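Presented below is the structure to which this report refers.
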Amino acid sequence: MNLSTHYDPSTTEARWYAHWMEKNYFHSEPDEREPFTIVIPPPNVTGVLHMGHMLNNTIQDILIRKARLEGKNACWVPGTDHASIATEAKVVKKLRAQGIKKSDLSREEFLAHAWEWKEEYGGKILDQLQKLGASCDWERTRFTMEPKLSAAVLRVFVSLYKKGKLYRRLRMVNWDSEAQTVLSNEEVIYGEENARLFHIRYKIEGTKDEYITIATQRPETIMADIAIAVHPEDERFQHLIGKKAIIPLINRTIPIITDTYVELDFGTGALKITPAHDPNDYEVGQRHNLKVIDILTPAGKLNEEAQILVGEDRFAARKKIKPLLEEAEALVQIEDYRTKIGRSERTDSVVEPRLSKQWFVDMKQFAADALEAVRSKEVTFYPEHMFNMYHSWLNEDNIRDWCISRQLWWGQRIPAWYYEDDVFVAESEEEALAQAKEKYPNITLAELQQDEDVLDTWFSSWLWPMSVFDGFESQEELKYYYPTNVLVTGWDIMFFWVARMIISGYEFAPELLGKDHEIMPFKDVYFTGMVRDEKRQKMSKSKGNSPDALALIENYGADGVRFGMLLSGAAGNDIIFDAPFDKATKSVLNESQRCLQGRNFCNKMWNALRLIKGWEITEDAPSAVNQLATEWFDNKLQQTLKSLDQSMKDYRLSEALMTLYNFIWGDFCSWYLEMVKPAYGEPIDRTTLKQTIEFYERLMTILHPFMPFVTEEIWHQLKARAKGEDCIISTYPKAQSFNKTIIEKVERAKEVTAKVREIRNTKGISPKEALSLYVQESPNSLALYELAGLKAMIEKMANLTGLYFTSMEEVESSIGFVSGTEKYFLEVQLMIDVEAEREKLQKELEHQRGFVKGVEKKLSNERFVNNAPAAVVDKERKKLADGQARIKILEESLENLA
RNA sequence: GGUCAAUUAGCUCAGUUGGUUUAGAGCGCUGCCUUGACAGGGCAGAGGUCACUGGUUCGAAUCCAGUAUUGACCACCA
């Protein structure tokens with residue numbers, strides 16, 4: 001054997017991933033085993049792997065790999081989301097670079113380009129997930145716009161329409177003038193920006209020089225004004241109520257009305273009402289039955305209704321209207337102020353409120369059901385408090401109907417056909433025509449006009465847990481895999497996606513699977529936190545503060561990065577990625593401590609492997625120390641397994657990983673291997689070696705879900721394997737009962753060893769110099785050392801000439817210490833600094849006295865003794881006795897020093 | 001403005017529903033250690049009146065109330 005001193009992930013990771021793929025270990029087919037299913041939150045088909053994906057998919061991979069090791073039929077379905085706005089924007093941009101304008105293309109031509117783009121660039125992110133080690137069933141890769149999934153979308157649309165859950169209505173929506181589509185509230189990002197408040201005076205009709213002054217951010221919209229509103233109790237304007245004002249520049253008269261919506265102390269107290277361009281104004285307009293004048297085109301330019309500045313973009317118009325107002329002596333003043341402005345998440349253009357006819361899903365009953373599902377724990381959230389956020393979204397005061405139409409081409413076209421005022425909703429145009437014929441027997445297909453819009457992407461992703469199993473066509477697979485076990489996602493899409501999937505479960509699972517089958521799409525939801533940079537800013541593409549994920553994997557290995565990501569936080573907690581990096585190249589400047597730690601961990605395990613593989617074998621029987629060491633480690637392993645099971649059950653993945661890290665590095669490498677390690681050049685007995693390899697192999701299985709590559713590599717290096725005997729499909733050990741006494745006694749041996757080492761350290765005695773240690777004979781010490789091999793273990797680990805019992809009160813030229821309730825003397829061949837020893841003992845004594853005092857106080861309290869459970873009281877009594885014993889030893893030691 | 005969460009060692013965080021020897025981990029830090037599995041290492045050590053003030057309790061980091069600070073989400077004034 002000739003293993004390098006450093007573990008090199010770059011050579012092993014690709015090799016093992018290819019091996020797993022070749023063996024088809026990730027693929028799942030329904031069988032008699034218990035299924036364990038996860039559907040991936042489909043990333044945008046345009047996406048590239050970022051830190052959030054890495055975290056999220058590492059967690060899913062851990063859960064899937066663990067289930068697989070536990071013998072379940074693990075199925076992790078990957079796929080991508082067609083992301084209508086994002087993808088269409090990318091395609092438009094690419095075409096523009098080629099000199100092609102979208103407006104010059106027909107719908108079919110554009111879609112041809114879009115599919116071409118998708119085939120060439122889309123879904124890169126799935127390849128990148130493989131680098132991370134994701135064990136998805138790639139044969140099951142799905143896409144939200146592929147034919148079967150689109151068919152499901154249309155079917156659902158028609159079904160909801162028939163049930164009366166859909167409606168089409170004129171509503172105030174968020175309008176992206178650049179993409180020329182409606183945006184959901186969630187796609188609008190509000191930020192504080194500098195703005196100016198224009199104070200404009202409107203002449204009162206029939207007066208010579210009486211005016212009313214309003215304040216507005218958007219002077220270019222005055223042509224769409226329909227009224228001026230003041231608060232009914234505002235004394236300043238009482239004499240004007242009911243009169244009319246004249247809009248400057250265009251000289252149209254509008255009424256002065258009252259509405260309590262107007263704030264008395266903001267601006268001038270008078271508010272222009274522009275229903276077409278402000279949601280609140282729209283409501284005021286509705287209340288007062290005012291008409292609507294819309295002066296903007298879908299592209300955000302002034303139209304004919306504006307009368308002036310027609311054809312100008314709204315921002316250009318704002319600039320140009322200023323001199324016009326000044327000239328008309330209508331501009332009173334301009335005030336700078338900060339306000340929140342909404343911008344489109346995708347195009348960053350300022351969002352316009354706009355009246356438009358759109359399709360909506362009636363959410364009232366749906367939201368109530370979805371709320372109840374989580375309240376009643378039919379679906380459990382981790383962490384639980386995420387329910388609060390969920391509640392604030394879905395409660396009946398906040399819930400809004402879901403606008404599902406988008407003015408785009410990339411997506412499922414809305415299956416609604418119009419003829420005059422009639423609408424026919426059907427899964428195909430033939431069916432729509434058949435419907436139409438019932439009313440208009442002579443109608444032809446050409447006379448039917450299909451809706452130009454496509455459906456919101458979430459209207460396909462909300463079906464994902466069912467549609468990826470083709471559940472809308474046949475229920476064979478759905479019956480087996482549905483409900484999925486757990487959904488792992490960020491809380492930022494709790495409403496977009498999680499809530500809507502729950503709703504779709506309510507609505508469609510019973511009709512597909514029957515009433516007896518579980519209907520919720522998942523049992524648990526694990527919300528990951530957001531990944532933030534070292535300044536705690538959310539990492540996002542637009543901020544450019546997310547490092548290149550693939551470069552990280554190259555630097556630290558996928559195992560190292562997985563370790564680093566995971567160590568950082570519990571479910572729901574944000575993760576701070578600690579390595580500053582170059583914003584331009586996205587390469588990491590300084591080392592990420594956490595990923596480095598992961599890489600170092602791999603190396604540590606690698607070197608433990610080298611140690612074991614380097615040992616020669618003897619047929620001698622195992623020594624007492626080796627027998628005790630293996631027995632101890634076996635028990636300790638069971639104890640660790642038990643605590644791991646609990647951590648995993650609660651989705652405390654970082655806790656589980658940390659437990660394993662400490663167990664492998666500390667208990668296995670630093671203690672166990674050192675206990676059984678033969679002297680330099682000496683062989684090890686066959687039994688102990690075999691045991692050691694078995695332990696190591698089991699550790700690799702347990703760690704495998706977290707760090708799949710290094711564990712697979714070590715698993716194979718440990719011993720010759722039969723074909724198909726791979727770590728990834730080995731058996732996860734079940735926790736057995738364990739002997740607590742052995743664990744405790746060996747822990748005491750570790751403590752004594754550490755004390756001896758500490759004295760060596762402080763006194764400058766080399767670890768190589770063997771020393772004599774004496775333990776005062778007492779019932780406790782005799783009981784402790786009854787355990788065979790314990791004495792020899794301490795002798796080996798602390799490098800002693802021997803550990804001897806003594807009945808003496810004090811040993812010549814020795815340094816005393818207390819461990820547990822036993823007193824030890826370490827013989828040292830040097831002058832002892834009596835004062836320093838006294839000080840040390842005194843300090844220890846004071847600590848113990850303080851401790852005992854506290855316990856005594858507790859025990860002398862009758863109410864404690866009477867009220868606390870017996871076990872707690874007993875524990876306190878034991879604490880007291882132990883403390884008192886230690887005080888006695890310390891006091892004697894101090895006397896002997898004098 | 002409304003709601004939620006957080007505040008524990010230099011940093012990042014646990015602390016499992018009030019009792020585990022007067023608070024734990026990892027990293028960092030300090031000291032010592034290089035022919036021996038690993039310096040990407042070993043051994044050991046120092047570091048915290050659990051944000052503050054009250055309250056409940058035999059007992060509070062843990063429960064309650066208030067205060068302060070931070071963060072997030074929602075709603076917003078033209």
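What follows draws every value from the coordinates through simple rules; no lab data is involved. In this text, all values refer to a predicted model and were calculated from it rather than measured experimentally. In this analysis, Cβ positions are derived from the backbone assuming ideal geometry, glycine residues included, and neighbour counts consider all displayed protein chains.
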| field | Over segment A:841-888, relative contact order from alpha-carbon pairs under 8 Å, at least 6 apart, % | value | 52 percent
| said: Restricting to Cα pairs below 8 Å that are 6+ residues apart, what does the relative contact order work out to for segment A:281-395? Please round to a whole percent. | reply: 11 percent
| Cut-off 12 Å between beta-carbons: net charge of the residues surrounding A:Y785, Lys and Arg +1, Asp and Glu -1 | -1
| note | Yeah, segment A:438-538 with a ≥ b ≥ c from its alpha-carbon gyration tensor (a/c under 1.5 is rounded, else prolate when a/b outruns b/c, oblate otherwise) is oblate
| Summing +1 for each Lys or Arg and -1 for each Asp or Glu, what net charge is found among the other residues whose Cβ lies under 14 Å from the Cβ of A:K515? | -3
| query | Given H placed on each backbone N at 1.01 Å, which residues far from A:R252 in sequence or on other chains put an amide H within less than 5 Å of it? | reply | A:I247
| note | Of the listed links A:K745/A:K796; A:K72/A:K131; A:K677/A:K879; A:K523/A:K734; A:K101/A:K291; A:K364/A:K515, those spanning more than 27 angstrom between alpha carbons are A:K677/A:K879; A:K101/A:K291
| Whichever aspartates and glutamates have a C-alpha closer than 15 Å to that of A:K875, once near sequence neighbours (fewer than 8 apart) are set aside | A:E856
| said: Between A:L105 and A:E518, what is the label-point separation in nm under the 7 Å Cα-to-beta-carbon projection? | reply: 4.4 nm
| said: With both bridge residues required to lie in segment A:147-276, what share of the DSSP beta bridges run antiparallel, to the nearest 5%? | reply: 85 percent
| note | Whole-Hz Karplus couplings 3J(HN,Hα) for segment A:328-338, θ = phi - 60° and coefficients 6.51, -1.76, 1.60, Gly and Pro as x, run 7, 6, 9, 8, 8, 6, 10, 10, 7, 7, 9
| Other-chain or far-sequence residues with amide H under 5 Å of A:Q450's (modelled H) | A:Y418
| query | Which value results for Rg/Rh of segment A:123-270 when Rg is the Cα radius of gyration and Rh the Kirkwood radius based on the inverse mean 1/r? | reply | 1.25
| Under-5 Å amide H pairs with A:V531, H placed in peptide plane, nonlocal only | A:M539, A:I575
| message | Give the lysines reachable from A:K840 as a straight Cα distance under 19 Å; neighbours fewer than 8 places away on the same chain don't count. | response | A:K755, A:K763, A:K823, A:K888
| task | Just tell me which aspartates and glutamates come within less than 18 Å, Cα to Cα, of A:K750; anything on the same chain fewer than 8 places away is out. | result | A:E631, A:D634, A:D667, A:E674, A:E758, A:E786, A:E795, A:E822
| Relative contact order %, segment A:445-543, counting alpha carbon pairs below 8 Å whose residues are six or more apart | 29 percent
| remark: The longest stretch of chain A containing none of the chymotrypsin sites (Phe, Trp or Tyr not before Pro) that sit in a DSSP loop with at most 10 other Cβ atoms within 10 Å is A:267-679
| task | First obtain the Kirkwood hydrodynamic radius of segment A:266-422 from its Cα pairs, then insert it into the Stokes-Einstein equation at 25 °C and 0.890 mPa s, and state the resulting D in µm² per second as a whole number. | result | 121 µm²/s
| field | Using alpha-carbon coordinates, inclination of helix A:84-97 to the longest axis of chain A, degrees | value | 70 degrees
| In nm, to one decimal, how far is the A:I729 label point from the A:N866 one, both placed 7 Å along Cα→Cβ? | 6.7 nm
| Sum of side-chain charges, A:A229 neighbourhood, beta-carbon under 14 Å (Lys, Arg +1; Asp, Glu -1) | -3
| said: Relative to 2.2 N^0.38 Å, what does the C-alpha radius of gyration of segment A:229-329 come to as a ratio? Two decimals please. | reply: 1.16
| Quick one: length gained pulling A:S349 to A:F851 fully straight, 0.36 nm per residue minus the C-alpha distance? | 174.1 nm
| remark: With 0.36 nm assigned to each residue of separation and the Cα-Cα distance removed, A:D650 to A:E827 gains 58.8 nm
| message | Placing unit charges on C-beta atoms (Lys and Arg positive, Asp and Glu negative, everything else neutral), compute the dipole magnitude of chain A about its Cα centre in debye, rounded to 20. | response | 760 debye
| query | For segment A:160-247: lysine pairs with Cα atoms under 19 Å, gap of 8 or more or different chains, count? | reply | 4
| Considering the alpha-carbon set of chain A alone, what are its Rg and its Dmax in angstrom? | 37.0, 119
| task | For helix A:624-649, report the angle its Cα long axis makes with the longest principal axis of the Cα atoms of chain A; keep it between 0 and 90° and round to the nearest 10°. | result | 20 degrees
| request: Output the antiparallel fraction of DSSP beta bridges having both residues in chain A, as a percent to the nearest 5. | output: 70 percent
